[in-house]
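The values are calculated or read from the model by the stated rules, or taken from the named source; none is laboratory data. Note that the coordinates shown come from a computational prediction; the quantities given were computed from them, not determined experimentally. Backbone-built Cβ (ideal geometry, glycine too); neighbour counts: all protein chains shown.
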Amino acid sequence: SQQGEEDPQALSIQEGENATMNCSYKTSINNLQWYRQNSGRGLVHLILIRSNEREKHSGRLRVTLDTSKKSSSLLITASRAADTASYFCATGTLQETSGSRLTFGEGTQLTVNP
Amino acid sequence: SAVISQKPSRDICQRGTSLTIQCQVDSQVTMMFWYRQQPGQSLTLIATANQGSEATYESGFVIDKFPISRPNLTFSTLTVSNMSPEDSSIYLCSVETGMVNTEAFFGQGTRLTVV
């Protein structure tokens, strides 16, 4: 079953504005990752934050993780039309027999209008 | 990092037939993963494929419907058998190059339509 819930499901903003997407999960995790998907193609990894980290930055991306609330947020600053895509959070956990496993959230469709 | 070549990129198939999707990685990896993404939905893990052992299937997915091969450390196939329109989805293969706290790399996906 899906562990992650994301909100909003859809977000429409103007170029230059910031976009914030939230992700909640239910069980203990090793890490939380954010991925981007353009038009139903393959996913591209954006950023990984470990369970013992609280905040991480990568370029215009800022990710926070609150393990006490089992939630994460992805902030994209100074958005561009090219940021239009679906964004998924994924929780990483270690399984006894199959190693690492990712469980994906429902995703947020971001539209950045020029 | 890893570069994954997945094919076909898309196909339209008749119900009752089978389609085999191939996934080729540019480096040796221990574990490969197959996901399904139904229209407008998130990704659901079908199975984990380790070289030299049987694939491990998630709840709701069975080997007879989704047989997987993993003949070596750079290649895997997923077959969607006896297809019905409900199998219309994007199928994605993925690899991780480490065991813990590593990112996943994805193929470009196979968009399958069953008519």
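Here is a yes/no grid of residues against (1) within 12 Å of chain B (Cβ to nearest Cβ); (2) in a loop (DSSP other than H, G, I, E, B); (3) under 14 Å from the mean Cα position of the chain (by Cα):
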| residue | (1), (2), (3) |
| --- | --- |
| A:41 | yes, yes, no |
| A:53 | yes, yes, no |
| A:62 | no, no, yes |
| A:72 | no, no, yes |
| A:79 | no, yes, no |
| A:82 | no, no, no |
| A:111 | no, no, no |
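Which ones in the range A:87-107 are touching a residue at least 40 places away in the same chain (Cβ under 8 Å), out of contact with any Cys (no Cβ under 6 Å at 6 or more places or on another chain) and closer than 18 Å to residue A:48 by Cβ?
A:87, A:88, A:90, A:91, A:92, A:93, A:94, A:100, A:102, A:103, A:104, A:107
Considering only the range A:5-39, how many residues are among the hydroxyl-bearing types (Ser, Thr, Tyr) and part of a strand (DSSP E or B)?
4
Residue B:49 passes all but one of (1) crowded, with 20+ Cβ neighbours inside 10 Å; (2) more than 10 Å from the chain's Cα centre (by Cα); (3) within 12 Å of chain A (Cβ to nearest Cβ); which number fails?
(2)
Out of (1) within 11 Å of the chain's Cα centre (by Cα); (2) within 11 Å of another protein chain (Cβ to nearest Cβ), the odd one out for residue B:98 is which?
Of the numbered conditions (1) within 11 Å of the chain's Cα centre (by Cα); (2) within 11 Å of another protein chain (Cβ to nearest Cβ), the odd one out for residue B:98 is (1).
List pairs: first residue in the range B:1-14 and more than 14 Å from every other protein chain (Cβ to nearest Cβ), second residue exposed (fewer than 12 other Cβ atoms within 10 Å of the Cβ) anywhere in the structure, Cβ distance under 9 angstrom, at least six positions apart or on different chains.
B:12/B:115; B:13/B:115; B:14/B:115
Restricting to the range B:45-57, count the residues that are in a loop (DSSP other than H, G, I, E, B) and modelled with pLDDT of 95 or more.
Qualifying residue count, the range B:45-57: 0.
Any residue at all in the range B:52-60 that's closer than 15 Å to residue B:28 by Cα and surrounded by 14 or more Cβ atoms within 10 Å (Cβ to Cβ)?
Scanning the range B:52-60, I find no residue that is closer than 15 Å to residue B:28 by Cα and surrounded by 14 or more Cβ atoms within 10 Å (Cβ to Cβ), so the answer is no.
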